[in-house]
Amino acid sequence: MEIRKVDDNIWEIPRDGAMRVAARIYSSARLLEQAKGDLTLTQARNVACLPGIQRMSYVMPDAHQGYGFPIGGVAAFDLGDGIISPGGVGYDINCGVRMLRTDFHDADITAKRKELLAEIFKDVPAGVGKGGVTKLSRGVLKEILVKGAAWAVENGYGTGEDLERTEEGGRMAEADASGLSERALERGLPQLGTLGAGNHFLEFQKVQEIYDPVAAKAFGLDDVGQVTVMIHCGSRGLGHQVATDFIEQMENAQGTAGLPDRELVNAPFKSELGQRYYRSMCAAVNYAFANRQMIAHWVRDVFARVLGSARGMRQVYDVCHNVAKVESHVVGGAEKRLCVHRKGATRSFGPGRPEIPPAYRGVGQPVIIPGSMGTASYILVGTKEAEELSFGSTAHGAGRAMSRHEALKRFRGEQIRDDLARQGIELRSTSWKGVAEEAAGAYKDVDEVVRVSHAVGLGRLVARVVPVGVMKG
Amino acid sequence: MRWFGSPSGLARDGPPGRLGYNGAMPRYEILPHPADGKFRAYGPTLAEAFANAALATASLMWDWTTVQPRIAVSVRVSGQDREQLLVKFLNELVYLFETRDLVLAAAEDVRIATRDGAWTLEAVFRGDDLAAGYEVYGLVKAATYNEMEIAENGGFVLQVVVDM
């Protein structure tokens, strides 16, 4: 496969054969070598062959092999002759990250670290199996699918300001619950307000370094040592079922002949099936927003209980990592409405975009990039250049570098817990084996991922936070 | 439309029978995968290979060898080809775990039939209630078609990647 260097940290696979456009990879030489070790680049080429693709098939610095589309893949399609693909969104629809800032300083919580984590562990269900805490009716679930985080706020979980500081205001308006199967609803009913397992986590952290004081100030990040909270989870079994259902429906409708990977199955965006998937996906997105809204509320409750107040616990932002959205972008000099697929990628809009809340419109959108378990996470700010470079997108995390199986052989959860404890980081989980699978050593270097993002201009560094207490589902 | 590379990443022009079956094979093998769960399940018949694929999937979430087969649940799935049948069969396991807390110990009485191009499968899942105290160390979100291979060569080999 020909890979041409365009510039520092920018590489291209030229258009060839069935590719309708070139593929472009934003990566350091070292991260690119890792990506070459799996099917990432082949998958990026396959995406470049899909009907209606605009500009290029983009690959973010943290990319690794996915299903059909790579994880860390961004592709936008014409609304008229382009497609929408469940494989371009992923199984965990609106897997994403929410960040809260607080007025607490590291010193305020040092003595209460263990208690805070124990209480969070008690109040926020991991939700393995059906053990959620909310007993929902189907009617209420359908309301949540339409209203998203707004339903949670109406029901006492959080504030209107949280909604303003959530991508899409915490609700995709095109959502329609009628396309969801009985199974999707059944999986969704017991799991609302649960974290899930795998790479999902809840952390309280402290700000370790501020790179851009102006943007940091705008995001409510004032000082080194300031305590923050990060919640990483998605739409749980409901979203997984929506993806599964529509992959099957699209296969049955279109067949799979000619697809190099059945997970690339798709439907024309404007077709009845394409629209039904889009509206169902929006419903799953809303479920995930409501999920994170409820969890954030419980975390505030725990802080209030353990520390005596939820001082200044305002939401910084909530971003989607797996989503397809209709957005305006400039293609060939003209503004166009496109269906932008971000699979394991974060929207990274620069100043002035109407989608950004007024409080941030002057500086740009907060971009939240979680690191692997027990390591640093980053807050970046979206840029104008990103709109030209990647339809306003950047990385979403560290990206795995080692298989779960291998991690399980190499690491022990209890050992990781003890090592982190020596660094002053508390860790709790429902499973030590699960902790071993998520060992930081099994992930790419998140520092290098954000460095590439900053250097290329996909998203600029604002602050680095490090964990103090970690709950892994 | 011409696509690039081998979609599965497996060398298609490798030695014949690379995915062949022999009686000495284990029920399944977990394979390296950068992010998710990948395995090959083996069986002298398609039905046995399917049953072993269910165990391989379960092994990514809990230790099925320790699970008491106290509960039996009948499952029935259909598909337009063997691949779809396999995805739906494995997703049944995920669905029953999430909605009924069924922790699988074995897939028994697997019967696979094909008629007029459509495939159906009937089986009995045996296992236990999660509340009995099993450690769940991973969650499979869904079975996928990524890198899926169904090879028939003196028996059956099923290669599957599940999203985790």
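The values are calculated or read from the model by the stated rules, or taken from the named source; none is laboratory data. This one's a predicted model, so the numbers in the text were calculated from it and none came from an experiment. Cβ placement follows ideal geometry from the backbone for every residue including glycine, while neighbour counts extend to all protein chains displayed. We work out accessible area using only protein heavy atoms, side chains counted, and drop any ligands, DNA or RNA first. Shrake-Rupley method; radii C 1.70, N 1.55, O 1.52, S 1.80 Å.
I'd like to know if the stretch A:287-303 contains one or more residues that are crowded, with 24+ Cβ neighbours inside 10 Å and within 14 Å of chain B (Cβ to nearest Cβ).
Checked against the condition, which is being crowded, with 24+ Cβ neighbours inside 10 Å and within 14 Å of chain B (Cβ to nearest Cβ), the stretch A:287-303 yields at least one hit.
Of all residues in the stretch A:304-334, count the ones that are open to solvent by less than 40 Å² (accessible area, probe 1.4 Å) and in a strand (DSSP E or B).
Number of matching residues: 15.
Within the stretch A:409-430, can you find the residues that are crowded, with 20+ Cβ neighbours inside 10 Å, within 13 Å of chain B (Cβ to nearest Cβ) and within 25 Å of B:LEU31 (Cβ to Cβ)?
Across the stretch A:409-430, the qualifying residues are A:PHE411, A:GLY413.
Do you know which of the residues in the stretch A:252-277 that are out of contact with any Gly (no Cβ under 6 Å at 6 or more places or on another chain), away from chain B (no Cβ under 14 Å) and open to solvent by 10 Å² or more (accessible area, probe 1.4 Å) is nearest to A:GLY82 (Cα to Cα)? Quick ask: steps written out before the conclusion?
Step one: list which residues in the stretch A:252-277 are out of contact with any Gly (no Cβ under 6 Å at 6 or more places or on another chain), which gives A:252-260, A:262, A:265-266, A:270-275, A:277.
Okay, now just the ones that are also away from chain B (no Cβ under 14 Å), so A:270-275, A:277.
Narrowing further to those that are open to solvent by 10 Å² or more (accessible area, probe 1.4 Å): A:270-273, A:275.
Details: A:LYS270: 8, A:SER271: 10, A:GLU272: 14, A:LEU273: 13, A:GLN275: 12 Å.
Once the filter is applied, the top-ranked residue is A:LYS270.
Does the stretch A:167-178 contain any residue that is in contact with a His (Cβ under 8 Å, 6 or more places away or on another chain) and at pLDDT 95 or above?
Of the residues in the stretch A:167-178, the ones in contact with a His (Cβ under 8 Å, 6 or more places away or on another chain) are none.
Within the stretch A:167-178 (the criterion being in contact with a His (Cβ under 8 Å, 6 or more places away or on another chain) and at pLDDT 95 or above), the answer is no, since none of the residues qualifies.
Going residue by residue through the stretch A:359-367, is there one that turns out to be aliphatic (A, V, I, L, M), over 14 Å from the mean Cα position of the chain (by Cα), modelled with pLDDT of 95 or more and buried (at least 23 other Cβ atoms within 10 Å of the Cβ)?
No - not one qualifying residue is present in the stretch A:359-367.
Being farther than 29 Å from A:VAL456 by Cα and surrounded by fewer than 24 Cβ atoms within 10 Å (Cβ to Cβ) is the filter here; which residues of the stretch A:398-408 pass it? Before you say what the answer is, go through the steps one by one.
Initially, the stretch A:398-408 is screened for residues farther than 29 Å from A:VAL456 by Cα, giving A:404-408.
Result: A:HIS405, A:GLU406, A:ALA407, A:LEU408.
State whether the residues of the stretch A:226-240 include one that is buried (at least 21 other Cβ atoms within 10 Å of the Cβ), aliphatic (A, V, I, L, M), part of a helix (DSSP H, G or I) and within 14 Å of chain B (Cβ to nearest Cβ).
Looking only at the stretch A:226-240, we keep the residues that are buried (at least 21 other Cβ atoms within 10 Å of the Cβ), and these are A:226-240.
Those left that are additionally aliphatic (A, V, I, L, M): A:227, A:229-231, A:238.
Next cut, part of a helix (DSSP H, G or I) only: A:238.
Subset that is within 14 Å of chain B (Cβ to nearest Cβ): A:238.
So far as the stretch A:226-240 goes, yes, one or more of its residues are buried (at least 21 other Cβ atoms within 10 Å of the Cβ), aliphatic (A, V, I, L, M), part of a helix (DSSP H, G or I) and within 14 Å of chain B (Cβ to nearest Cβ).
Pull up the stretch B:4-45, narrow it to residues that are part of a loop (DSSP other than H, G, I, E, B), over 17 Å from A:LEU39 (Cβ atoms) and at pLDDT 80 or above, then point me to the one that is most open to solvent (accessible area, probe 1.4 Å).
Looking at residues that are part of a loop (DSSP other than H, G, I, E, B), over 17 Å from A:LEU39 (Cβ atoms) and at pLDDT 80 or above, I get B:ARG27.
Specify which of the listed residues (A:ALA395, A:ALA439, A:ALA463) is among the aliphatic types (A, V, I, L, M), within 14 Å of another protein chain (Cβ to nearest Cβ) and either within 18 Å of A:ALA35 (Cα to Cα) or crowded, with 20+ Cβ neighbours inside 10 Å (or both). Talk me through it step by step, then tell me what you get.
Values: A:ALA395 fails: within 14 Å of another protein chain (Cβ to nearest Cβ); A:ALA463 fails: within 14 Å of another protein chain (Cβ to nearest Cβ).
Every option except A:ALA439 fails the conditions.
Can you tell me how many residues within the stretch B:107-142 are within 14 Å of chain A (Cβ to nearest Cβ), out of contact with any Ser or Thr (no Cβ under 7 Å at 6 or more places or on another chain) and among the small types (Gly, Ala, Ser)?
Total meeting the criteria: 6.
So which residues in the stretch A:352-410 are of a type in the set (Ser, Thr, Tyr) and part of a loop (DSSP other than H, G, I, E, B)? So that I can check it myself, show each step before the final result.
Taking the stretch A:352-410 first, the residues of a type in the set (Ser, Thr, Tyr) are A:360, A:372, A:375, A:377-378, A:383, A:390, A:393-394, A:403.
Result: A:SER372, A:THR375, A:SER403.
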